[in-house]
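The values are calculated or read from the model by the stated rules, or taken from the named source; none is laboratory data. From a predicted model like this one, the values you see are computed outputs, not experimental measurements. Positions of Cβ are backbone-derived with ideal geometry, glycine not excepted, and every protein chain shown enters the neighbour counts.
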Amino acid sequence: MDEVQARGFHEFMCYVNPMLAQRAQLGGEPWHVVATDDGRLVHSDGRIYEDFHGTQALGHRNPHITAAVKCFLDTDAPNWYPARVTPYAGRLARMLAERTGYERSSFAASGSEGVEAAMKLARAATHRTRILGLDGAYHGCGMGSTALMAKGPFRDPFGPHVPGVESLPFGDLDALHAAFAAGDVAAVVVEPIQGEAGVRVLPDDYVAALCELTARHDALLVADEVQTGLGRTGTFLRSVRWPRRPDAVVLAKLLGGGLVATSAMLTTPAWFQRAYGRDFEGGESHNVTFGYNAMSMVAGIAALELLDEALFERIRTLGAWFRAELVGQLGDHPLVEEVRGEGLMLGLKLRRLDHPWLSFEHFGFEGLAERASVSPLLCHRLYRHGWFFFTCGHDWSVFRLQPRYYVPQETLAQVIVDIRTELDWLLETSR
């Protein structure tokens with residue numbers, strides 16, 4: 001353990017975000033991690049944790065990504081090109097185009113920035129201001145993406161929100177048709193599967209209506225694939241199954257291999273030309289200074305080299321097996337209401353615990369009294385088994401399971417055994 005790791009955790013609590021650090025401590029999270037081992041995390045006490053959060057889809061410190069970044073740093077190539085014409089960005093964009101068909105890429109560091117880029121593209125191209133999202137959405141922390149967010153603590157404190165941005169009821173076809181009646185919609189931004197809302201798959205009939213209405217009204221259809229894309233559901237893009245290709249797609253997280261913060265907003269030449277093709281000044285009107293930095297692009301290139309059809313087939317096969325095992329071994333448990341999701345993006349919808357001693361109010365958090373405690377408590381119980389789990393941000397009754405792509409099948413089998421054990425404990429304790 002180096003000097004930064006020895007003191008930096010305490011310094012984080014003092015100088016970065018005390019609430020975040022206190023939450024990790026109170027929840028018993030294995031937050032004091034100091035190393036990686038074969039894609040897993042190593043705690044300062046020596047315990048090894050398998051991470052099911054989903055962000056590190058290729059495993060922590062993937063050796064291929066690490067080697068690519070090291071190789072770049074060993075050269076004398078610039079990391080930032082003053083003209084913003086970066087050869088590494090050109091290569092990554094070409095590789096993305098070959099995989100998706102989108103021939104224009106805008107790069108940044110986060111999914112939030114990707115969503116903001118799509119919103120700006122829509123307004124610049126259509127000269128309209130109205131942008132629609134869905135209840136339950138999670139699109140990031142920028143002011144535009146926050147306006148699209150589900151109502152609650154991630155959105156409410158930051159109003160007034162960007163004008164012209166509104167949310168529609170999830171899966172409500174009548175509300176969707178009514179929203180387009182005025183002919184003033186610039187874009188609709190949706191997640192193919194809503195992650196933070198509880199692993200909710202967008203219904204097929206709703207997707208079909210989205211595709212038809214946006215095309216008919218010349219509105220941008222944006223797929224936020226920050227959580228679903230790059231193989232998580234078994235294909236490069238989850239939206240490839242839609243009746244028509246979205247006009248823009250947002251990617252992040254895995255795009256930098258889990259090592260470098262990288263995101264992309266992909267679109268077509270036609271939409272790009274409408275928004276930014278009028279002159280040179282217009283071409284620079286959406287710009288992120290370090291968005292095209294070479295090191296991020298190198299990490300993205302290395303990540304795409306790993307995302308081949310063989311890996312996607314593994315995700316589809318392993319995901320189908322995992323889901324079937326969850327249903328077979330946990331589906332009859334009194335605390336399990338439903339198994340959701342596809343590929344390696346799964347969730348357990350859990351029934352609330354009735355005992356007052358297992359409520360947040362009992363633990364002294366009156367402001368969280370209405371929140372379900374069942375998934376956070378399950379996460380807490382599983383930390384001791386060496387599993388690092390999280391709860392869906394908008395629905396604390398849904399327990400999220402998003403393992404790395406290379407996770408061994410026997411690891412997932414043991415996870416199910418341990419989940420059953422701890423669900424039994426919670427059930428017995430709540431009686």
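A few comments on the model shown:
- Residues satisfying the stated conditions in the stretch 96-109, i.e. part of a helix (DSSP H, G or I) and surrounded by fewer than 17 Cβ atoms within 10 Å (Cβ to Cβ): ALA97, GLU98, ARG99
- Residue ID - surrounded by the fewest Cβ atoms within 10 Å (Cβ to Cβ), chosen from residues in the stretch 316-325 that are in contact (Cβ under 8 Å) with a residue 24 or more places away in the chain and under 22 Å from the mean Cα position of the chain (by Cα): ARG316
- Taking first residues from the stretch 172-191 that are farther than 10 Å from ALA219 by Cα and partners that are part of a loop (DSSP other than H, G, I, E, B) and among the polar types (S, T, N, Q), the Cβ contacts under 7 Å between residues at least 6 apart in sequence or on separate chains come to GLU191/GLN227; GLU191/THR228.
- Residue list for the stretch 282-303, filter: surrounded by fewer than 21 Cβ atoms within 10 Å (Cβ to Cβ) and of a type in the set (Phe, Trp, Tyr): PHE290
- Among the residues of the stretch 344-369, the ones that are more than 27 Å from GLN56 (Cβ to Cβ) and not in a loop (DSSP other than H, G, I, E, B) come to 6 in all.
- From the options ARG91, ARG99, ARG104, ARG84, residue that is assigned by TED's automatic domain parsing to the domain that holds HIS139 and touching a Ser or Thr at 6+ places or on another chain (Cβ under 6 Å): ARG104
- Residues of the stretch 304-341 satisfying the condition of being in contact with a strand residue (DSSP E or B) (Cβ under 7 Å, 6 or more places away or on another chain) and closer than 30 Å to ALA93 by Cβ: GLY319
- Flag for GLU337 being in the same structural domain as ARG420 (by TED's automatic domain parsing), surrounded by 15 or more Cβ atoms within 10 Å (Cβ to Cβ), assigned to a strand (DSSP E or B) and among the acidic types (Asp, Glu): yes
- Some residue of the stretch 139-154 being touching a Ser or Thr at 6+ places or on another chain (Cβ under 8 Å), surrounded by fewer than 21 Cβ atoms within 10 Å (Cβ to Cβ), at pLDDT 95 or above and in a loop (DSSP other than H, G, I, E, B): no
- Residues in the stretch 370-404 that are touching a residue at least 24 places away in the same chain (Cβ under 8 Å), under 17 Å from GLU337 (Cβ atoms) and assigned to a strand (DSSP E or B): 4 in all.
- Listed by first and then second residue, the pairs linking a residue in the stretch 1-29 that is in contact (Cβ under 8 Å) with a residue 40 or more places away in the chain to a residue that is among the aliphatic types (A, V, I, L, M) and not in a helix (DSSP H, G or I), with Cβ atoms under 8 Å apart and 6 or more places separating them unless they lie on different chains, are MET1/VAL34.
- Counting the residues of the stretch 110-128 that are in contact with a strand residue (DSSP E or B) (Cβ under 6 Å, 6 or more places away or on another chain) and not in a helix (DSSP H, G or I) gives 2.
- Against the list (1) under 23 Å from the mean Cα position of the chain (by Cα); (2) within 20 Å of TRP80 (Cα to Cα), the condition HIS286 fails is (1).
- The stretch 206-254, subset under 21 Å from HIS127 (Cβ atoms) and among the hydrophobic types (A, V, I, L, M, F, W, C), residue surrounded by the fewest Cβ atoms within 10 Å (Cβ to Cβ): ALA215
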